[in-house]
Amino acid sequence: MIQKSIYPNIPVRMPLVRLKTLFPLVALFSIAFFFWCVDRYDRAALMRFKRPIDHMSNQAPVPGQAQAPSHPQIQVQPQTLSSGCEVDPASAPPLPFNEWLVAKNYTRAYFRPHHVSPKTEFGSLEDVNTPVLAPFVEMDRGTRLPPQYNTMPCPPIIDVDVAADYDVEETSKLLFGLATTVDRLERLLPSLLYSFGDSKAGIIVLVPPTDDDLSQQEMYFRSRGLDVTIQSSPLEFTARYFGLVEAFDEHIRTVRPNTTWVSFIDDDTFFLSLPSIAEQLKLFDATKKHYIGSLSEASWQVDTFGHIAFGGAGVFVSVPLLEVLTTVYDECQSWGEQPGDQKLGQCIERFGNTPLTIWPSLYQMDMQGEVDGVYESGRRIDSLHHWNSWYTKDVVKMSTVAAAAGRKSVLRRWVFDQEEFINNATGQSIRTFWVLTNGYSIVKYTYLEGTPDDVINFDHTEKTWEEDPRGYEDSLGPLRPKDQEGVIKERYLLKDAVVVGDNVHQFYTREEPDSHRVIEIVWLGPRNGGGAGVGGGQTKY
């Protein structure tokens with residue numbers, strides 16, 4: 001179409017596309033392009049969602065090539081098992097979060113228990129003749145191990161003999177009793193479950209009068225694994241302890257007639273192996289009268305309360321002697337408000353005609369402050385007390401290793417990595433070695449030049465607690481001083497322990513001015529777990 005021009009003789013042609021037509025076309029094109037982009041983006045996102053691993057880089061840094069800094073919130077640790085290794089040297093440790101957060105110097109070792117007869121006896125300090133600890137490496141925040149761990153040789157696995165526990169069947173003849181409150185019973189449930197949970201022993205608990213439904217509370221504890229009977233008693237606390245005499249007698253007549261031994265305990269009495277307790281009691285003729293227990297380690301406590309079995313360590317009374325106590329119960333109960341274990345001892349002394357038999361491996365633990373010396377002594381320990389009052393030690397965490405290595409591995413001692421360095425200038429040597437007290441600590445000892453090899457007698461108990469040592473020589477002696485000239489000690493205390501599958505991972509830590517140091521000990525448990533009854537069955541050997 002031709003339009004007339006304002007200029008003569010110059011025709012004007014109409015535009016092929018008018019502006020009012022162009023705008024809608026542009027809009028339509030833009031909308032179509034938008035939806036095409038959205039579709040393309042969604043497809044890419046869907047592919048990343050379906051196959052996220054395809055989009056994760058696992059390439060090692062190229063030497064000499066600068067790497068972009070990154071601070072990921074989650075660090076993915078390579079888990080490729082080195083060819084032929086039983087354990088992966090590159091696997092990340094299962095650190096608790098408070099350890100995960102801290103930069104640290106870290107090393108790890110693997111132990112594998114070989115269970116032998118429960119009757120096997122070991123020395124108080126056993127040698128490990130193969131290297132144990134690798135050099136410490138720096139580990140940043142999180143659980144990322146240094147790159148060299150991906151190329152390390154297979155870590156050594158230290159095989160050690162451990163006595164299996166005795167069968168739990170014998171514990172069915174034991175009946176324990178304590179006076180406490182339901183609140184304390186719940187607070188101490190983990191330690192009670194370790195001591196009694198996989199046994200066949202019964203427990204009677206006398207609590208003060210309450211409006212709570214005791215049958216419901218009893219069901220609560222039974223559902224957690226305790227064979228417990230909770231009874232209300234109007235007596236005051238100290239009288240309630242001796243009141244167990246009547247409670248025992250009635251329970252044996254009506255519920256557990258096969259009982260041969262009763263035991264008076266406190267709610268914080270901790271038994272490392274109840275089957276071992278039952279096995280020890282088999283040495284006595286249960287048809288006769290027996291009064292068995294331990295004195296306090298502190299002589300001043302014995303001077304105050306007398307030559308009695310102290311209740312926190314555990315007091316064992318045969319049923320024939322219990323029957324005598326039942327006949328004189330009212331008279332003995334009327335004597336006053338002295339501690340229950342003292343009243344029990346005085347009643348037996350007056351009417352029972354039965355001397356106290358000392359069981360030295362039951363520990364009352366009447367001491368305060370740092371009690372490392374007792375726990376690290378290598379002595380046989382069958383019971384512990386006061387661990388959450390006079391001093392603070394997490395005995396349940398300490399005993400976690402039993403889930404892999406068995407109850408009789410707890411507090412066993414091994415010495416390892418013994419080295420000697422000669423000073424060429426002086427011709428004298430510096431010696432270093434490590435001592436593991438399983439579940440409690442790892443201590444590195446350094447003997448400086450000129451220090452005699454026998455400067456420390458490890459059969460002597462290190463005196464680390466607060467009280468005067470003279471009050472403990474008879475029970476825990478000979479004692480050795482905490483600090484000795486020419487000896488440097490670096491103590492790593494157990495901070496945490498976790499069960500992962502069949503294995504137990506222990507974390508021993510030490511604080512130094514320039515570093516936080518962590519030693520992980522991994523105990524490789526038998527397949528399907530159950531170390532010496534902790535996992536629901538007796539360890540086979």
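In this simple spin-label model, placing a label point 7 Å from the Cα along the Cα-to-Cβ direction at both Lys288 and Asp514 gives a separation of 6.6 nm. Coordinate range of the alpha-carbon atoms in the range 169-358 per principal axis, descending: 40, 35, 35 Å. Relative contact order of the range 169-358: 24 percent, from C-alpha pairs under 8 Å at least 6 residues apart in sequence.
Hydrodynamic estimate: the Kirkwood radius of the range 386-425 over Cα pairs, inserted into Stokes-Einstein at 20 °C and 1.002 mPa s, corresponds to D of 160 µm²/s.
For the listed residue pairs Lys408/Lys489; Lys119/Lys173; Lys119/Lys495; Lys173/Lys408; Lys288/Lys393; Lys173/Lys463, the alpha carbons are over 29 angstrom apart in Lys119/Lys495; Lys288/Lys393; Lys173/Lys463.
Taken about its Cα centre, the range 169-358 carries a charge dipole of roughly 500 debye when the Cβ of each Lys and Arg holds +1 and the Cβ of each Asp and Glu holds -1. In summary, the convex hull built on the alpha carbon positions of the range 287-438 has an orientation-averaged projected area of 13.7 nm². Global dimensions of the range 360-423 from alpha-carbon coordinates: Rg and Dmax equal 14.7, 48 Å. Oblate is the label for the range 237-298, because a/c, from the alpha-carbon gyration tensor with a ≥ b ≥ c as root eigenvalues, is 1.5 or above and a/b does not exceed b/c. For the range 480-522, the average shadow cast by the Cα convex hull is 4.5 nm², which is a quarter of the hull's surface. If ligands, DNA and RNA are left out, what is the accessible area of Phe458 with a 1.4 Å probe, given in Å² to the nearest 10? Accessible surface of Phe458 is approximately 30 Å².
Using every Cα-Cα pair within the range 358-502, state what percent have a distance larger than 20 Å.
The calculated P(r) of the range 358-502 puts 53 percent of pairs beyond 20 Å.
Would you work out the Kirkwood radius for the range 109-260? I mean one over the mean of 1/r across all pairs of different Cα atoms, in Å. Radius from the Kirkwood sum: 20.0 Å.
For the range 276-371, the ratio of Cα radius of gyration to the globular rule of thumb 2.2 N^0.38 Å stands at 1.11. Sorting the segments 422-431, 250-259 by their residues' average number of neighbouring beta-carbon atoms within 10 angstrom, most packed first, yields 250-259, 422-431. Once you divide the Cα radius of gyration of the range 433-511 by 2.2 N^0.38 Å, the number left is 1.34.
In whole percent, and with a 1.4 Å probe on the protein chains, what portion of the accessible area of the range 169-358 is carbon and sulfur? Please report the intermediate quantities before stating the final value.
Details: 3880 of 7780 Å².
In the range 169-358, the share of accessible area belonging to carbon and sulfur is 50 percent.
Over all Cα atoms in the range 203-310, the spread is summed up by Rg and Dmax: 15.9, 44 Å.
When you work out D = kT/(6 pi eta Rh) for the range 324-384 at 10 °C and 1.306 mPa s, using the Kirkwood radius from C-alpha pairs as Rh and the Stokes-Einstein form, the result is 112 µm²/s. In the complete set of protein chains, residue-level accessible area for Lys288 is approximately 110 Å², probe 1.4 angstrom. The stretch between Val487 and Arg141 holds 121.2 nm of extra length on full extension. This uses 0.36 nm per residue minus the Cα-Cα distance.
Given the Cα atoms of the range 191-235, and with Rh set as the inverse mean 1/r over their pairs in the Kirkwood sense, what is Rg to Rh to two decimals?
Rg/Rh for the range 191-235 comes to 1.00.
Karplus-derived 3J(HN,Hα) values for the range 469-481, using 6.51 cos²θ - 1.76 cosθ + 1.60 with θ = phi - 60°, are x, 4, x, 10, 4, 5, 9, 10, x, x, 9, 10, x Hz; glycine and proline are entered as x. Both radii come from the Cα set of the range 144-228: Rg as radius of gyration, Rh as Kirkwood radius; their ratio Rg/Rh reads 1.29.
In the range 413-472, the ratio of gyration radius to Kirkwood radius, Rg to Rh, stands at 1.07 when only Cα atoms are counted. With the highest mean first, a sort of the peptides 306-319, 475-488, 117-130 on other beta-carbon atoms found within 10 angstrom per residue produces 306-319, 475-488, 117-130.
The values are calculated or read from the model by the stated rules, or taken from the named source; none is laboratory data. These numbers were taken from a predicted model, which means no experiment stands behind them. Quick reminder, even Gly has a Cβ in these numbers, built from the backbone with ideal geometry, and neighbours come from all protein chains shown. For accessibility, only protein heavy atoms count, side chains too; no ligands or nucleic acids. Shrake-Rupley method; radii C 1.70, N 1.55, O 1.52, S 1.80 Å.
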